[in-house]
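The values are calculated or read from the model by the stated rules, or taken from the named source; none is laboratory data. Since we're looking at a predicted model, the values are computed, not measured. So basically every Cβ, Gly included, is an ideal-geometry build from the backbone, and we count neighbours across all protein chains shown.
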Amino acid sequence: MTTSARVPRPTCEWQVCGVCNYDCSYCIQKKPTRVGFPSESEVDAFLAFFPTLPGKWEVKMTGGEPFAFGAFLGRIVPGLVADTPHTLSVLTNLSASDEALDRFAQLTRGRLGVVSASLHLEHTSVEAFAEKAARFRDRIDPAATFVVNSVVVPGRLDGVEAAREVLARHDLRLFPQIMKVGKGVVDYDPPDARRVLRLVGDRPSPRQANMAPSYKGLLCHAGAKYFVLTQRGDGYACRSARRVGQGYLGNVFAGNFALAPGPLPCSFDICPCTVPANRGMIEGVDVPAMAEEVE
């Protein structure tokens with residue numbers, strides 16, 4: 001079986017803002033944190049920081065909702081394109097106007113890695129979302145990857161199963177995400193658990209679904225070749241590390257951010273997102289190669 005290269009692809013997941021125009025009942029981010037955005041001077045500091053990263057990175061911009069922050073299209077994306085060699089990716093709920101999405105597509109032409117569009121059925125219909133997603137997919141850089149992710153909420157699998165069929169009619173692939181709660185995952189009842197398995201397939205890889213597996217004890221390059229960055233400028237080795245207050249790398253605004261020297265054994269019970277695995281961060285984990293990158 002063909003597998004992805006084991007050379008880690010340096011990646012930063014940057015929470016460009018906390019503010020979000022959605023308020024999903026299943027959001028893993030606590031409501032008090034889904035507010036705020038960097039000041040003008042803090043945006044300047046971020047834009048001065050990213051050129052200092054060694055070599056070429058993927059900067060995956062998340063939120064909140066990035067497009068809900070005016071500086072995202074006004075300064076952040078243009079600044080990263082002009083002043084860094086990095087590849088840009090984005091996680092968005094796709095609620096932005098077609099004009100804003102067109103602007104993003106134009107700015108990132110030749111520099112776009114992954115668009116991960118989150119389908120939130122509490123706030124939109126799958127039909128409207130699929131039509132908008134297909135229009136946006138057709139306007140972005142053709143070398144980029146477009147994927148639709150959706151949280152598999154207990155008791156609501158009918159909607160996710162129906163959404164997969166609608167998305168498929170628009171040539172869009174659904175990337176299911178097991179629902180996370182606290183430091184773990186939700187406990188599905190037996191009927192839902194069986195439906196989840198039918199939805200994600202047999203032993204899905206991190207390119208097919210987010211199952212929040214455990215890599216505990218395996219060497220991971222998080223902190224050295226991968227890190228998460230908050231809107232307040234704090235860097236952490238990974239999402240799990242941030243959640244429990246470990247793996248702190250320093251603060252961009254304070255000027256004391258520093259990457260870790262190398263890989264360390266994972267000490268966490270789950271890996272809540274698939275980015276580290278799909279970017280080759282976890283030694284000993286072979287991820288089947290696919291035409292598309294995800295999440």
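Brief remarks follow.
- Pro265 meets all of the listed conditions (1) over 17 Å from Trp57 (Cβ atoms); (2) surrounded by 15 or more Cβ atoms within 10 Å (Cβ to Cβ); (3) not hydrophobic (A, V, I, L, M, F, W, C) but one, namely (2).
- Inside region 6-53, residues that are β-branched (Val, Ile, Thr) and either more than 30 Å from Ala224 (Cβ to Cβ) or free of Cβ contacts under 8 Å to residues at least 24 places away in the same chain (or both) make up a count of 4.
- Single match in Arg156, Arg135 (criterion: within 23 Å of Phe69 (Cα to Cα) and not hydrophobic (A, V, I, L, M, F, W, C)): Arg135
- Between Val59, Val43, Val35, Val19, the distinction of being under 25 Å from Ala144 (Cα atoms) and either out of contact with any strand residue (DSSP E or B) (no Cβ under 9 Å at 6 or more places or on another chain) or of a type outside the set (Lys, Arg) (or both) belongs to Val59 only.
- Verdict on Leu229 being surrounded by fewer than 20 Cβ atoms within 10 Å (Cβ to Cβ), over 30 Å from Glu165 (Cα atoms), modelled with pLDDT of 95 or more and of a type in the set (A, V, I, L, M): no
- All positions within region 181-228 that are basic (Lys, Arg) and more than 22 Å from the chain's Cα centre (by Cα): Arg194, Arg195, Arg198
- Here region 81-107 is the region considered, the condition is being assigned to a helix (DSSP H, G or I) and of a type in the set (Gly, Ala, Ser), and the residue that is surrounded by the fewest Cβ atoms within 10 Å (Cβ to Cβ) is Ala82.
- Remark: Pro51 falls outside the filter, which requires a residue to be part of a loop (DSSP other than H, G, I, E, B), over 12 Å from Trp14 (Cβ atoms) and at pLDDT 95 or above.
- Verdict on Ala45 being aliphatic (A, V, I, L, M) and either surrounded by fewer than 16 Cβ atoms within 10 Å (Cβ to Cβ) or under 18 Å from the mean Cα position of the chain (by Cα) (or both): no
- Pair list, Cβ under 8 Å, 6 or more apart: region 126-143 residue without any contact (Cβ under 8 Å) to a residue 60 or more places away in the chain, other residue among the hydroxyl-bearing types (Ser, Thr, Tyr) and not in a helix (DSSP H, G or I): Ile140/Thr108; Asp141/Thr108
- Qualifying residue in region 64-80 (condition: in a loop (DSSP other than H, G, I, E, B) and modelled with pLDDT under 95): yes
- Residue within region 154-167 that is in a loop (DSSP other than H, G, I, E, B) and touching a residue at least 60 places away in the same chain (Cβ under 8 Å) present: no
- Exclusive hit being touching a residue at least 40 places away in the same chain (Cβ under 8 Å), within 28 Å of His120 (Cβ to Cβ) and not aliphatic (A, V, I, L, M), set Gly64, Gly70: Gly64
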